[in-house]
Amino acid sequence: MWWLLAALVVALAVAIPLLVRASHRREWRDELASAEDEVAWFARGLIPQLRQLGSLAEVAGAWNLAESRVAAAEDRLTALAPSAPDEVVRDRALDLRDAVRAARGQIQALLQAGRQETMTQDLDAIAAHLDQVLRAGTPLD
């Protein structure tokens, strides 16, 4: 009887940490998937909307309204990286973060340069790069 109880205790001692670790890993991956959704919105939703606007002034106004959401996605990816369950998904979070950071900088540069004539091509290039990084990701499960 004692050996059965000891085996049960050992099994629980092994199983509980594994279950907790799996739960944390699943929660982290859900957070990354949510952040990826925000990056996808930026690339496939916001930038095409900006592209549809007729002037840099309109783009600047729309960007001012949306930039905080983009910055929040970047911050979220930055915060996720150190707690990643493994190097592959950490690198994924950092790649996405870097792409968002670069895109934000490129949009700011576009607005500061005031190049109306290349606005749509510049926005297309920014969206294409973000989309490329999104598609380059490995499946999380």
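The values are calculated or read from the model by the stated rules, or taken from the named source; none is laboratory data. Keep in mind that this is a model prediction, so the values were computed, not measured. Note that we place each Cβ from the backbone using ideal geometry, even for glycine, and neighbour counts take in every protein chain shown. Please note that ligands, DNA and RNA were not included when accessible areas were found on the heavy atoms of the full protein model with its side chains. Shrake-Rupley method; radii C 1.70, N 1.55, O 1.52, S 1.80 Å.
Structure values in brief
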| quantity | calculated |
| --- | --- |
| Cβ-Cβ under 9 Å pairs, at least 6 apart or on other chains, segment 99-128 side on the phi > 0 side of the Ramachandran plot, far side surrounded by 17 or more Cβ atoms within 10 Å (Cβ to Cβ) | 114/56 |
| Criterion violated by residue 103 - all others in (1) open to solvent by less than 40 Å² (accessible area, probe 1.4 Å); (2) of a type outside the set (Phe, Trp, Tyr); (3) at pLDDT below 95 satisfied | (3) |
| Failed criterion for residue 55 (all others in (1) surrounded by fewer than 12 Cβ atoms within 10 Å (Cβ to Cβ); (2) touching a Pro at 6+ places or on another chain (Cβ under 6 Å) hold) | (2) |
| Which listed residue, of 97, 26, 51, is of a type outside the set (S, T, N, Q), modelled with pLDDT under 95 and within 23 Å of residue 126 (Cβ to Cβ) | 51 |
| Residue satisfying all of: in segment 91-100; charged (D, E, K, R) and surrounded by 18 or more Cβ atoms within 10 Å (Cβ to Cβ); nearest to residue 134 (Cα to Cα) among these | 92 |
| Residue among 6, 11, 60, 71 that alone is open to solvent by less than 90 Å² (accessible area, probe 1.4 Å) and either touching a Leu at 6+ places or on another chain (Cβ under 6 Å) or touching a residue at least 60 places away in the same chain (Cβ under 8 Å) (or both) | 60 |
| Some residue of segment 81-90 being open to solvent by 20 Å² or more (accessible area, probe 1.4 Å) and hydrophobic (A, V, I, L, M, F, W, C) | yes |
